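K.L.:
Quick one: structure below, then a few questions.
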Amino acid sequence: MAFPRVRFLIFFLITLTFFSSGCATTRTRLMVDSMNPLMMNMRDATNRNADLELVHEAMPSFLVQMDGFIEASPDNTYLLCNAAEAYMGYAFLFVEDTDKKRAKGLYFKAKEYALRSLKQNKTFAEALNQDNPEVFKRALQSIEKEDIRPLYFAIASWLQWIGASADDARVLNDLPRIEAMIDRAMELDDTFYHGGIHATLGAFYVASPEMFGGKPDRAEFQFKEAFEISESKYLMWHYLYARYYAFAVNDRNLFVATLEKVISAPDDILPEETFANMAVKVKARNLLNRVDDYFLAK
C-alpha cells in the first residue's frame, strides 16, 4: 500500500495488538474506530496507486484484515462500507472472469457488509426482512443522503451477486427491491461515485427480464448520463456500456470501439481512480480478445 512508512508501522502495531488480544473488548473497538482517518488515507492512496500488481497482490491480505477490524467493531459503518467496496471491487476486477463461483461468494459478502451498514437504520432493517414491497419502499425514505455510500454499494454488489447466481432463478425475486433502492439512490445523489447509479441502472435495464424491471430501450440514456457526470474519465462505465449495452443491441462495432477507447485512454486520466482505471483496461483488453466468441453466440 502506498502510504508513509511511519503510518505503516503504526498500522502494523495496532493490527498486532488487536489480533493478539483475542477478543473484541471495548478498548479494542475504540482503538479500531479511531483508525477511520487512517483507513481513509489508505483507501485514497490505494486508489491513486499506479502499480497494478502491487495493489492486486496486497488486496487479499487487506480484505482479511478488514474482516478482523469489523469483528472488533461490528457496527462501524465506515469499516463496513470500506469492506463492501473492497470485496466488490476485488471480485469484479480480479476474480469473476476466472472463477465465477468464488466471485459469487465475494459479492455476497460485499452485499451483506453494505446492508449491515444500512441496517443501523431500524426502519430499514425491519422492512428488509418483510415481503411487502410497499413497506420496503416507504422504509427507503428514511435513508438519507449521508447513507448514499452504503446504499450504492449494496445495490451494486447485490446485482453482481445475482449476475453470478444464474443457476438459481429465485434470486430474481430480489430485483424489485433493488430497483426501489436504485430509485432512492437517484433521489438522494445521482452524481455519487462518478454517476455510478446511472451506469448501474443502465446495466440493470439490459440485464434484467422485463417482468423484473428490465427496460433495454432506456439503458443507453442512463449510460450517457454516467459518461457526462464522470466526464468520461471513469473507464468502468464505458466497459459496462460495451459489455452490457453494445452486446444486448448486437452492435459489434460499438462494442469494439468502446473497448478500444477504454484501452487507449491515459492511465492518469482520473488520478484519484488510477488503480481502478488501469485494472479495467486489462478487463477491456481481455473482453476485446473474445469479441468473436461473444458475437458468434448472437
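Here, each number is a calculation from the coordinates, and none is a lab measurement. Because the structure is a prediction, the values reported are computed rather than measured. Note that each Cβ is placed from the backbone with ideal geometry, even for glycine, and that neighbours are counted across all protein chains shown.
K.L.:
Consider just the alpha-carbon atoms of region 43-176 and return their Rg together with their Dmax, both in angstrom.
P.N.:
Cα radius of gyration and Dmax of region 43-176 are 15.5, 47 Å respectively.
K.L.:
Next up: What number, rounded to the nearest 500 deg cm²/dmol, is the helix-based mean residue ellipticity at 222 nm of the chain, given -39500 (n - 2.57) per DSSP H run of at least four residues and division by all its residues?
P.N.:
Estimated from H runs of four or more residues: -22000 deg cm²/dmol.
K.L.:
Over 24 Å between Cα atoms: which of 101/122; 119/145; 122/215; 101/283; 111/283 fall into that group?
P.N.:
101/122; 122/215
K.L.:
At a Cα cut-off below 15 Å, give the aspartates and glutamates reachable from residue 261, other chains included and same-chain residues fewer than 8 away excluded.
P.N.:
231
K.L.:
Further, regarding this structure: Using Cα positions and a limit of under 17 Å, work out the aspartates and glutamates in reach of residue 109, with same-chain residues fewer than 8 apart set aside.
P.N.:
Straight-line reach from residue 109, under 17 Å: 67, 71, 75, 85, 96, 99, 174.
K.L.:
If you count, for each residue, the other Cβ atoms within 10 Å and average over each peptide, how do 150-159, 59-68 line up from highest to lowest?
P.N.:
Highest to lowest by the protection proxy: 150-159, 59-68.
K.L.:
May I pose another question? Evaluated at 4 °C with a viscosity of 1.567 mPa s, what Stokes-Einstein diffusion coefficient in µm²/s does region 123-244 have when Rh comes from the Kirkwood expression over alpha-carbon pairs?
P.N.:
88 µm²/s
K.L.:
Using only alpha carbon pairs under 8 Å that are at least six residues apart, calculate the relative contact order of region 167-298 and give it in whole percent.
P.N.:
Working: 141 pairs, mean separation 24.6, N = 132.
RCO, region 167-298: 19 percent.
K.L.:
Name the residue, out of 111, 261, 281, whose mean-square fluctuation peaks in a Gaussian network model built on the chain with Cα pairs under 10 Å.
P.N.:
Its mean-square fluctuation being the largest, the pick is 261.
K.L.:
If you don't mind, there's one more thing I want to ask. If the only charges are +1 at each Lys and Arg Cβ and -1 at each Asp and Glu Cβ, what is the size of the charge dipole of region 80-139 around the Cα centre, to the nearest 20 debye?
P.N.:
Taking the Cα centre of region 80-139 as origin, the dipole is about 120 debye.
K.L.:
What is the Cα centroid distance between region 178-201 and region 236-298, reported in whole angstrom?
P.N.:
With region 178-201 and region 236-298 each reduced to a Cα centre, they are spaced 22 Å.
K.L.:
Spelling out what I want: for every residue of region 209-224, take phi, set θ = phi - 60°, compute 6.51 cos²θ - 1.76 cosθ + 1.60 (Karplus), and round to whole Hz; glycine and proline get x.
P.N.:
Couplings: x, 4, 5, 10, x, x, 9, x, 5, 9, 5, 4, 4, 5, 5, 5 Hz.
K.L.:
Which whole-Hz ³J(HN,Hα) couplings does region 230-240 yield from phi under the Karplus relation 6.51 cos²θ - 1.76 cosθ + 1.60, θ = phi - 60°, glycine and proline marked x?
P.N.:
Along region 230-240, the couplings run 8, 6, 6, 9, 8, 5, 4, 5, 6, 4, 5 Hz.
K.L.:
Let me understand region 173-298 better: what is its radius of gyration from the alpha carbons, and its Dmax, in angstrom?
P.N.:
14.6, 41
K.L.:
Can you give me the P(r) profile for the chain? Cα pairs, bins 10 angstrom wide beginning at 0, each as a whole percent.
P.N.:
In order of increasing distance, the bins hold 6, 26, 36, 23, 9, 1 percent.
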